[in-house]
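Worksheet: the structure to be examined is printed underneath.
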Amino acid sequence: MSVEQNTDHQPLNDTRTHPLEPLSVTEIRLSADVVRRAHDLGAGMRFETIELKEPSVDAPSDIPTPRRTFVCTYDTVTGDLYEAVVDLDNRTLESWLQRPGAQPRIGPDEFLNAERLALEDPRFVSALENRGVTDLSLVCADPWSVGRCGLPGEDHHRLVQTIVWVRSGANDNQFAHPVEGLCAIIDINNGEVLSVEDTGPEIPWNDSNYASRFQSEFRTDLKPIEVVQPEGASFRVDGYAVEWAGWKFRIGFTAREGVVLHDLQLKDNDRWRPVMRRASIAEMIVPYGSPHGLHARKNAFDCGEYGIGAMANSLELGCDCLGSIHYFDGILSDIHGDAYVIKNAICMHEEDTGILWKHVDFRTGDVDTRRGRRLVISFIATVGNYEYLYYWYLHLDGSVELEVKATGIINTAGIDSQAARAFGTEVIPDVLGQIHQHIFCARLEMSIDGPDNAVMEINTEVLPEGPENPVGNAFQAVETLLETEAMGKRNASIGTNRYWKIVNRAERDELGRHAGYRLLPTSCVTALGGPRSQLGLRAGFTRHHLWVTPTHETQRWPAGDYVNQSQPGEGLPRWTQADRNIVDRPITVWHCFGLHHLPRPEDFPVQPTVSCSMMLTPDGFFPSNPTLDVPPASSTHSCHV
Ligand code: CU
């Protein structure tokens, strides 16, 4: 049951005209039509992106924003790529720009086509037959991006490489049976299989399944846990605008990022105070550590090369989401310029988070306890073998948290040499789970109490022993203002318990403090891979846990606008060479965090979720604990057993 909340309330916004209202199916189709009428590229014309062109940070708020779309279209015959802006109100093309050398993302529509091309190639079929595989319906050839690893023709072809597994029977888990060493290199623009590599060993045939139909018996010692919200949910929803417990914001959804939070504000007494103008995960990369064969080319940028939102699931009530749930649909464009709807792509609900705060006055016997809760805005994307679960959490104390969980199936490889074993864990005989990382880049347009913000770094330093520190216990927090983009490139430091604080320096409270938010780097990983690796060259954003840039509407993607087969140095490394001032102006904070993953045997055949996160928590935004008004709660459904 989807819960429509508080329909008797006033609308939060006029959703028909709000400049951030997601594109409708009609608007997506209209955008493609306008572009086609102005510049028909012929039979090879495809559409990478049709998305809302959001108002820029410096757009005057008192003048209505024209409703516009950004369109990226390409020609599979010539390989050319163009960007267009469409004025939807006037049904006209506003701009048309060629981006020489740029390669569009690999759309979900193109996945199965690439597999079909491999399976129609006689060299590929013959390599499978040599391994005893003749039923091609059991073969899975996942098309992966190849980056820029020196493959012949990489400058003028739109390449994918197939990574191949085979099922032992219908619905078997193919990842237990890697077809090591077999790889087709395919140009997905012209449909040509450029080469077939075939170097590998026998296929391992031990089955390893996880699906319920393979489970002969389920344990019987688990009694149900139900989430009961007898009075419904506490949020108000109007279109894509939400209010909950003193928070308000709008939800967006793009093919490349998935969920976007817009105009996040907190209510402080009767005043709405801005916190963030726009927040999303703008990029992620999964570099693998094996130098062998096709594995050396595995550096999946799941936002920039594929589009994490485009691979979002339709969520299921009761298993993906528990409690009183409100779903939002994701409306996206396909490669033909048509629209499609991912039903229930975004889930929103409340969760109990345990004790918010508690104190026992042991002299008086007074006990005060408050329970915490959070609003969860989530989506789940299936990227080939893996699932990524994104959860934005808004807490009662003003904290904003983002948790990313990974589950699904590790990317398995066969073992073709003793040397291969060094780069992973043998999860079942002759099947390797390779060492890899998942590095996410959050893009946060901060707007604490207004557009002009700045970032401080806080390190806690131990004072030298001496007259100021006679018994050696002294340590103190030291603040440093990050003034330019060069200063804004920072890494976490466990030694000084480093964190960063975003502040609005226009005003001070009565104690002289600026309102701010701490960014706590809770899940930093060190990006591995040398300076000449794809990670080092094309994912330079991973070199630092923090970057700060002036907010600019054309600087959205930390690894560059077009990541597929991109040139080195794009995105954050290139923009920040300008070393712009980042003090007291609209700034974007970029935070890289993630998971370092040497697979365990327990990660197979399906991986229990693992998690990483980032946390923004108020620091001087409120004069004191803002949650004293949370009423004491007593659950009437809890019982002694
Ligand atoms: Cu992993």
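Three principal axis extents of region 438-523 based on alpha-carbon atoms, in descending order, are 45, 43, 22 Å. Angle check, please: helix 108-119 long axis (alpha carbons) against the longest principal axis of the chain (alpha carbons), in degrees 0 to 90, nearest 10. Approximately 20 degrees, to the nearest ten.
Taking the chain as a whole, the Cys residues whose C-beta sits 4.7 Å or farther from every other Cys C-beta are CYS72, CYS140, CYS149, CYS183, CYS303, CYS319, CYS441, CYS524, CYS592, CYS612, CYS639.
Across region 475-484, computed HN-Hα scalar couplings (Karplus, 6.51 cos²θ - 1.76 cosθ + 1.60, θ = phi - 60°) run 9, 8, 7, 10, 9, 10, 6, 8, 9, 9 Hz from first to last residue, x flagging Gly and Pro.
Relative to its Kirkwood radius, the Cα radius of gyration of region 295-401 gives an Rg/Rh of 1.18. Specify whether the C-alpha gyration tensor of region 201-289 places it in the rounded, prolate or oblate class, a ≥ b ≥ c being the square roots of the eigenvalues: rounded for a/c under 1.5, otherwise prolate if a/b is larger than b/c and oblate if not. Here region 201-289 falls in the oblate category.
Loop only by DSSP, 10 or fewer other Cβ within 10 Å of the Cβ. Give me the trypsin sites (Lys or Arg not before Pro) in region 504-612 that pass, ordered by residue number.
Details: sites: ARG505, ARG508, ARG513, ARG518, ARG532, ARG538, ARG543, ARG556, ARG574, ARG580; in loops: ARG505, ARG508, ARG513, ARG532, ARG556, ARG580.
The qualifying sites are ARG532.
Eigenvalues of the alpha-carbon gyration tensor of region 242-346, scaled by 5 and square-rooted, set the equivalent ellipsoid semi-axes at 32, 19, 15 angstrom, largest first. The residue among GLN476, HIS336, LEU396 whose Cα reaches farthest toward the positive pole of the charge dipole of the chain, with charges on the beta-carbon of Lys, Arg, Asp and Glu, is GLN476.
Divide the volume of the convex hull of the Cα atoms of region 550-641 by its number of residues and quote the answer in cubic angstrom per residue. Can you show the working numbers first?
Working: hull volume 25.6 nm³, N = 92.
Taking the convex hull of the Cα positions in region 550-641, it is 279 Å³ per residue.
Charge tally for LYS267 (other residues, Cβ to Cβ under 15 Å; Lys, Arg +1; Asp, Glu -1): -3.
Rg and Dmax of region 570-623, based on Cα coordinates, read 18.7, 51 Å.
Mind grabbing the base-10 log of I(q)/I(0) for the chain at q = 0.12 Å⁻¹? Debye formula, identical points on the C-alpha positions, no solvent, two decimal places. The computed values of log10 I(q)/I(0) come out as -1.40. Between the amide H of GLU94 and those of VAL85, VAL86, ASP87, distances stay under 5 Å, these residues lying 5 or more places away or on another chain, with hydrogens modeled in the peptide plane.
Among the listed pairs LYS358/LYS489; LYS223/LYS405; LYS53/LYS298; LYS267/LYS358, a Cα-Cα separation exceeding 30 Å is found for LYS358/LYS489; LYS53/LYS298.
Per residue, how much accessible surface does the chain expose to a 1.4 Å probe? Answer in Å², no decimals. Accessible surface, normalised per residue, equals 45 Å². Against the chain, whose longest principal axis is taken from its Cα atoms, helix 25-38 shows a tilt of about 60°. Compactness of region 27-161 is given as radius of gyration and Dmax, 19.9, 69 Å, from Cα positions. Between region 369-430 and region 229-305, what's the alpha-carbon centroid distance in Å? Value for the Cα centre distance between the two parts: 16 Å. Each 10 Å bin from zero holds the following percent of Cα-Cα pairs in region 513-588: 17, 42, 32, 7, 1.
Counting only Cβ charges, +1 for Lys and Arg and -1 for Asp and Glu, the dipole size of the chain around its Cα centre is about 740 debye. With q set to 0.16 Å⁻¹, the log10 of I(q)/I(0) for region 488-543, from the Debye formula over equal scatterers at the Cα positions, is -0.68. Can you pull the percent of Cα pairs in region 199-245 with separation above 18 Å? Counting pairs separated by more than 18 Å, the tail of P(r) holds 70 percent.
Solvent-accessible area of ASP430, all protein chains in place: 80 Å² (probe radius 1.4 Å, heavy atoms, ligands and nucleic acids excluded).
Please go through region 49-106 and write out the trypsin sites (Lys or Arg not before Pro) that DSSP classes as loop and that have at most 15 other C-beta atoms within 10 Å. Spell out each step's value before the answer.
Working: sites: LYS53, ARG67, ARG68, ARG91, ARG105; in loops: LYS53, ARG67, ARG91, ARG105.
Answer by residue number: ARG91.
Note on region 450-606: Rg/Rh from Cα positions, Kirkwood definition for Rh, rounded to two decimals, is 1.06. Taking amide H atoms as placed 1.01 Å from N in the peptide plane, the amide H of THR484 lies under 5 Å from those of ILE582, each 5 or more residues away in sequence or on another chain.
Could you work out Rg/(2.2 N^0.38 Å) for region 107-150, with Rg from alpha carbons only? Provide the component values of the computation, followed by the final result.
Working: Rg = 12.0 Å, N = 44, 2.2 N^0.38 = 9.3 Å.
Its radius of gyration relative to the 2.2 N^0.38 Å reference: 1.30.
Sequentially through region 85-100, phi angles give Karplus couplings (6.51, -1.76, 1.60; θ = phi - 60°) of 10, 10, 8, 6, 5, 9, 6, 10, 8, 8, 7, 8, 9, 7, 10, x Hz, Gly and Pro residues having no value and appearing as x.
For region 437-478, list log₁₀ I(q)/I(0) at each q in 0.24, 0.28 Å⁻¹, using the Debye formula over Cα point scatterers of equal strength and ignoring solvent, two decimals each. With no solvent term, the Cα-only Debye profile gives -0.86, -0.98.
When a 1.4 Å probe is rolled over the protein heavy atoms, the share of accessible surface on the chain that falls to carbon and sulfur comes to 49 percent. Close amide H pairs (under 5 Å, H built 1.01 Å from N) link ARG505 with ALA454, residues at least 5 positions away or on another chain.
The values are calculated or read from the model by the stated rules, or taken from the named source; none is laboratory data. The structure presented is a predicted model; accordingly, all values stated were derived computationally and were not measured. Note: ideal-geometry Cβ built from the backbone for every residue, glycine included; neighbour counts use all protein chains shown. Heavy atoms of the whole protein, side chains included, go into the accessibility calculation; ligands, DNA and RNA do not. Shrake-Rupley method; radii C 1.70, N 1.55, O 1.52, S 1.80 Å.
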